[in-house]
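Participant: My questions will all concern the structure given below.
The numbers here are math on the coordinates, done by the rules we state, and not lab data. Note that this is a predicted model, so its numbers are computed, not measured. Here Cβ is always computed from backbone atoms with ideal geometry, including for glycine, and neighbour counts include all displayed protein chains.
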Protein chains: 2
Amino acid sequence: MKNFDMSIPTRIIFGKGEEKRAGQLIREYGFQKVLLHYGGGSVVKSGLLGQVKASLEEAGIAYVELGGVQANPILGMVRKGIKLCLTEQVDMILAIGGGSVLDSSKAIGDGAGNPDVDVWDYFTGKAKPVNHIPVGAILTLAASGSEMSQSAVITNEEEGLKRGFNSPTHQPLFSICNPELTFTVNKFQTGCGTVDIMMHTLERYFGWSKDSGITDRIAEGLLKAVIEAGRIADQNPEDYEARAALMWAGSLSHNGLTGLGREFMMQVHQLEHELSGMYPRIAHGAGLSALWASWARYVCPAWPERFAQYAVRVWNVEMNFEAPVETALAGIRATEAFFQSLGMPVSLEELEVEPERFEEMAEKCTNFGKRTLPGICELDKKEMIEIYQMAYPRR
Amino acid sequence: MKNFDMSIPTRIIFGKGEEKRAGQLIREYGFQKVLLHYGGGSVVKSGLLGQVKASLEEAGIAYVELGGVQANPILGMVRKGIKLCLTEQVDMILAIGGGSVLDSSKAIGDGAGNPDVDVWDYFTGKAKPVNHIPVGAILTLAASGSEMSQSAVITNEEEGLKRGFNSPTHQPLFSICNPELTFTVNKFQTGCGTVDIMMHTLERYFGWSKDSGITDRIAEGLLKAVIEAGRIADQNPEDYEARAALMWAGSLSHNGLTGLGREFMMQVHQLEHELSGMYPRIAHGAGLSALWASWARYVCPAWPERFAQYAVRVWNVEMNFEAPVETALAGIRATEAFFQSLGMPVSLEELEVEPERFEEMAEKCTNFGKRTLPGICELDKKEMIEIYQMAYPRR
């Protein structure tokens, strides 16, 4: 177990009907004026936005609105939000939506908290936010874990760059998580969310540290819960317990808990970022689903015992003591079959990616061959191309 | 899954050598004067106290000292600490020790933060602390989970009352957790700690709510990790990974995580509190160990499926599909055998308790028959006596 230093102060208000408390809650915190930040149609159509406004009005909280956040939140919107916060003297941002809205809100909070710094400087590593305007959230999608994480990813649409950065200022003050608000998430998006949640834990689990037995057990327990709930939510989108498990697992999978004491680098996320960066029509979860098993088969020979442990403990595969690598591969196959059962792609061919662009993707992953990604196998450009190629054929 | 509202802001600084950062850390927080609060000999003898003082001096932090906290921390000491904090204008309390020192520190923090209120009023439910002086900790024992919990238990030695109360003011600002500091904890105390940690999770797991699959999985994973680590630490007290797992599991088992979305009442803790209240020589963990299996056998018929799940998932008992109750009982026996393997008592006879005092214990549990304790079985005085009696014979 490696040393760690962690604090997860975000208050989680979880369960049925909790979004109705938004106004009262914000009043209890003592805020005066809120930026309501959200995406497109569903929050409006479902009536949620109207309910939240009514709740704020009842509590005597003033607000301004900024809707229209896209699936990959862009810098232009962030800049608009910062300006609005400053001119309207907003003292809190309420994100209503999923990871994109949350990430956009976090970036606005950083920018408005430090008006003399260009917010993009945080994403390029040139500066660190000292102050921030706090973010609260009403979550409508179980996937990114942004509602309890330090992470935020923003696309600079002018420069064509997608960048993430982690900061304690990104931990929301509170997140209201009502699983019922995810009943209307469609089959495909539910599948994407399930994969994304699993992947946040798997990427940590398949880091290169040994000796983190307790973190392993928590990760394995969480993965089992997600697999069970993902299956049920796929078949019955209004199953409260399944939606609740996915939602809470989403928060726990990316708040740090499932990687404590471990060293890891999110290799599959990196491979996928460049993929959906070049093909913005590809959903993040679908890209991860298409890549993971090939990545796993590629790195498995370097640590088959780890993959065997995963197979036995998460998928109840019988251990093959004479040939542990067979057990390891069975675990990878089980994962792949599960993703397929959710209607998720398990090859790049299904996503209609052009194989002739693999080199370009790998170049971006490695900053034009200048760097390698640490992991169970340290990956260079050539190896990444191999993984993309392995992931191509339809299965 | 029941609704929940939680926040666990305590910063955990975990791992080898981290206690050396105490002074620097406290300076970073901006505190000026610290109360060093600790127990008896071991912190002094091991040299830890001296190191911490040196670290504070190096960082230019002033401090006053109050040692001598006992195993069941008493109100007299708390009052002394409050007075010291006020006269010395202390702005932070640094607890060096285990749960008793932490609980004493928390109570001092409440009292010194609100000088106009009698601190005992918090423990009798007459008042709630509004302010507090923050507590930081250097943990030397993995057991109580107080380093990350809202709980504090204090004994009013004049009135012969042991009372606990939970408050957000009790969540430490930070806890430094170095597993190496627990290498010298002896076999018996290590066993007591292992039982106590398991019990914090088991009492939540065997609450009466259904439908909390994800919390179940986390609890089961944690229990497996504790069982594995408890065995190793018992045999090899200087095994870092085992000590690390126990320490982190101790924090996680009582910070709320393993009971989220579940309703529970710590029945075995209640039965044990009255036991060790009447026999102060009995260690809390040993009392729990002596009582749990009898409690479990008593309530098991009301929900054998739950005990069967525990047996299968935590103890790898083969499911007896024709007779699930057999599986359930095998899980209870496995738990009992594990406690015995750690040298822990599994009967009250081993603890030399007098059976003629069972009625008095049950009376105290039920406030002289006036209340029952909710649970899988709601227990009244008569039933508690039965459980104490079941727990008596040596096994």
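Participant: Report the Cα centroid-to-centroid distance between the stretch B:280-349 and the stretch B:162-194 in angstrom, as an integer.
Facilitator: Going from one Cα centre to the other spans 24 Å.
Participant: Here is a follow-up. I need the calculated FRET efficiency for the pair B:ASP380 and B:LEU86, taking r as the beta carbon distance and R₀ as 56 Å, to the nearest 0.05. Numbers along the way, then the final one.
Facilitator: Working: r = 45 Å, r/R0 = 0.80.
For R0 = 56 Å, the calculated efficiency reads 0.80.
Participant: Then there is this: Using a 10 Å cut-off around each Cβ, can you sort A:ASP380, B:ASP103 from fewest to most neighbouring Cβ atoms? Show your work: numbers first, answer last.
Facilitator: On the way: A:ASP380 15, B:ASP103 26.
Exposure proxy ranking, most exposed first: A:ASP380, B:ASP103.
Participant: Let me ask something additional. Looking only at other chains, what is the average number of their beta-carbon atoms within 10 angstrom of each beta-carbon in A:241-251?
Facilitator: Partner Cβ neighbours, averaged per residue: 4.
Participant: For a footprinting-style exposure proxy, rank B:LEU379, A:LEU49 by other Cβ within 10 Å, fewest first.
Facilitator: On the way: B:LEU379 26, A:LEU49 19.
Least crowded to most crowded, the residues run A:LEU49, B:LEU379.
Participant: Given the convex hull of the Cα atoms of the protein assembly as shown, what is a quarter of its surface area in nm²? Provide the component values of the computation, followed by the final result.
Facilitator: Details: hull surface 136.5 nm².
Value for the protein assembly as shown: 34.1 nm².
Participant: Moving to a separate point now. Keeping to pairs on different chains or 8 or more places apart, tell me how many lysine pairs in the stretch B:185-390 have Cα atoms under 19 Å apart. Write out the running numbers ahead of the final one.
Facilitator: On the way: B:LYS364/B:LYS381; B:LYS364/B:LYS382; B:LYS370/B:LYS381; B:LYS370/B:LYS382.
Within the stretch B:185-390, the lysine pair count is 4.
Participant: Taking the Cα of B:MET265, stepping 7 Å toward and past its beta carbon, and measuring to each backbone N in the stretch B:353-395: which are under 15 Å?
Facilitator: B:362-385, by backbone N distance to the label point.
Participant: Using Cα springs under 10 Å in a Gaussian network model of chain A, which residue among A:GLY15, A:GLY250, A:GLY47 shows the largest mean-square fluctuation?
Facilitator: Maximum fluctuation in the GNM of chain A, among the listed residues, is at A:GLY47.
Participant: Compute the Rg to Rh ratio over the stretch A:237-395 from the alpha carbon atoms, using the Kirkwood formula for Rh, and round to two decimal places. Before the final figure, lay out each step's value.
Facilitator: Values: Rg = 16.4 Å, Rh = 16.8 Å.
My calculation puts Rg/Rh at 0.97.
Participant: OK, next. Specify the residue with the greatest mean-square fluctuation among A:LEU291, A:LEU161, A:LEU56, computed from a Gaussian network of chain A linking alpha-carbon atoms under 10 Å apart.
Facilitator: A:LEU161
Participant: Just need the relative contact order of the stretch B:289-395 here, percent rounded to a whole number, with Cα pairs under 8 Å and 6+ apart.
Facilitator: Working: 135 pairs, mean separation 34.0, N = 107.
So the answer I get is 32 percent.
Participant: For a protection proxy built on the mean count of beta-carbon atoms within 10 angstrom, sort B:220-229, A:116-125, B:236-245 highest first, please. Working shown, then result.
Facilitator: Numbers: B:220-229: 23.9, A:116-125: 16.2, B:236-245: 20.3.
Top of the packing list down: B:220-229, B:236-245, A:116-125.
Participant: In nm, one decimal, shortest first: how far is the label point of B:GLU326 (7 Å from Cα along Cα to beta carbon) from the matching points in the other copies?
Facilitator: 3.1
Participant: Turning to a different aspect of this structure: Could you please report the charge total around B:GLU203, scoring K, R as +1 and D, E as -1 over all other residues with beta-carbon less than 11 angstrom from its beta-carbon?
Facilitator: Values: positive: B:ARG204, B:ARG262; negative: B:ASP196, B:GLU272.
With Lys, Arg at +1 and Asp, Glu at -1, the neighbours total 0.
Participant: What Kirkwood hydrodynamic radius do you get for chain B when you take the inverse of the mean 1/r over all pairs of distinct Cα atoms, in Å? Walk me through the intermediate numbers first.
Facilitator: Numbers: mean 1/r = 0.0465 Å⁻¹.
About 21.5 Å for chain B.
Participant: How far apart, in nm, are two points set 7 Å out from the Cα along the Cα-to-Cβ line at A:ARG357 and at B:GLU318?
Facilitator: 5.5 nm
Participant: Sticking with this structure for a sec: Suppose the Debye formula is applied to equal point scatterers at every Cα of the stretch A:252-295; what is log10 I(q)/I(0) at q = 0.23, 0.27, 0.29 Å⁻¹?
Facilitator: Scattering profile of the stretch A:252-295, log10 relative to I(0): -0.83, -0.95, -0.99.
Participant: Also, quick follow-up: What does the helix-only formula give at 222 nm for chain B: each DSSP H stretch with n ≥ 4 adding -39500 (n - 2.57), the total divided by the residues, and the result rounded to the nearest 500 deg cm²/dmol?
Facilitator: On the way: 15 runs with 189 residues, N = 395.
Result for chain B: -15000 deg cm²/dmol, rounded to the nearest 500.
Participant: Also: Enumerate the lysines that B:LYS128 could reach by cross-link, defined here as Cα to Cα under 20 Å, with residues fewer than 8 away along the same chain left out.
Facilitator: List returned: B:LYS83, B:LYS106, B:LYS162.
Participant: Excluding residues fewer than 8 places away in the same chain, name every one of the lysines whose C-alpha is closer than 16 Å to that of A:LYS20.
Facilitator: A:LYS20 reaches A:LYS53.
Participant: Could you work out how far the C-alpha centroid of the stretch A:233-247 sits from that of the stretch A:199-221, in angstrom?
Facilitator: Between the Cα centres of the stretch A:233-247 and the stretch A:199-221 lies a distance of 24 Å.
Participant: Still on this structure, I have one more. Which whole-number percentage describes the relative contact order of chain A, with Cα contacts under 8 Å and a sequence gap of 6 or more?
Facilitator: Details: 759 pairs, mean separation 56.5, N = 395.
Contact order relative to length: 14 percent.
Participant: Next up: Work out from phi, with θ = phi - 60° and the Karplus expression 6.51 cos²θ - 1.76 cosθ + 1.60, the ³J(HN,Hα) of each residue of the stretch B:292-299, listed in order in whole Hz, and give x for Gly and Pro.
Facilitator: After applying 6.51 cos²θ - 1.76 cosθ + 1.60, I find 4, 4, 5, 4, 4, 5, 5, 8 Hz.
Participant: Restricting to chain A, what percent of DSSP beta bridges are antiparallel, rounded to 5? Don't skip to the answer; put the middle values down first.
Facilitator: Numbers: 7 of 31 bridges.
Rounded to the nearest five, the antiparallel share is 25 percent.
Participant: Among the chymotrypsin sites (Phe, Trp or Tyr not before Pro) in the stretch B:307-395, which ones are in a DSSP loop with at most 14 other Cβ atoms within 10 Å of the Cβ? Mind listing them?
Facilitator: B:PHE321, B:PHE368
Participant: Next question, about the same structure. Taking Rh as the Kirkwood radius computed over C-alpha pairs, what is the Stokes-Einstein D of the stretch A:11-181 at 37 °C in a medium of viscosity 0.692 mPa s, expressed in µm² per second? Walk me through the intermediate numbers first.
Facilitator: On the way: Rh = 15.6 Å.
The diffusion coefficient I find is 210 µm²/s.
Participant: On average, how much area does the Cα convex hull of the stretch A:1-105 cover when viewed from any direction, in nm²?
Facilitator: On the way: hull surface 34.9 nm².
With every direction weighted equally, the projected area is 8.7 nm².
Participant: Another question about this same structure. All other residues with a Cβ under 10 Å from the Cβ of B:HIS132 taken together, and with Lys, Arg as +1 and Asp, Glu as -1, what is their net charge? It would help to have the intermediate numbers written out before the result.
Facilitator: Details: positive: B:LYS106; negative: B:ASP110.
Taking every Cβ under 10 Å from that of B:HIS132, the sum is 0.
Participant: Starting from the Kirkwood radius over alpha-carbon pairs of the stretch A:87-132, derive D by Stokes-Einstein at 4 °C in a medium of 1.567 mPa s and give it in µm² s⁻¹. Walk me through the intermediate numbers first.
Facilitator: Details: Rh = 11.1 Å.
D = 116 µm²/s.
Participant: For the stretch A:91-181, which GluC sites (Glu not before Pro) are in a loop by DSSP, counting at most 13 other Cβ atoms within 10 Å?
Facilitator: Working: sites: A:GLU147, A:GLU157, A:GLU158, A:GLU159, A:GLU180; in loops: A:GLU157, A:GLU158, A:GLU159.
Passing both the DSSP loop test and the Cβ count: A:GLU158, A:GLU159.
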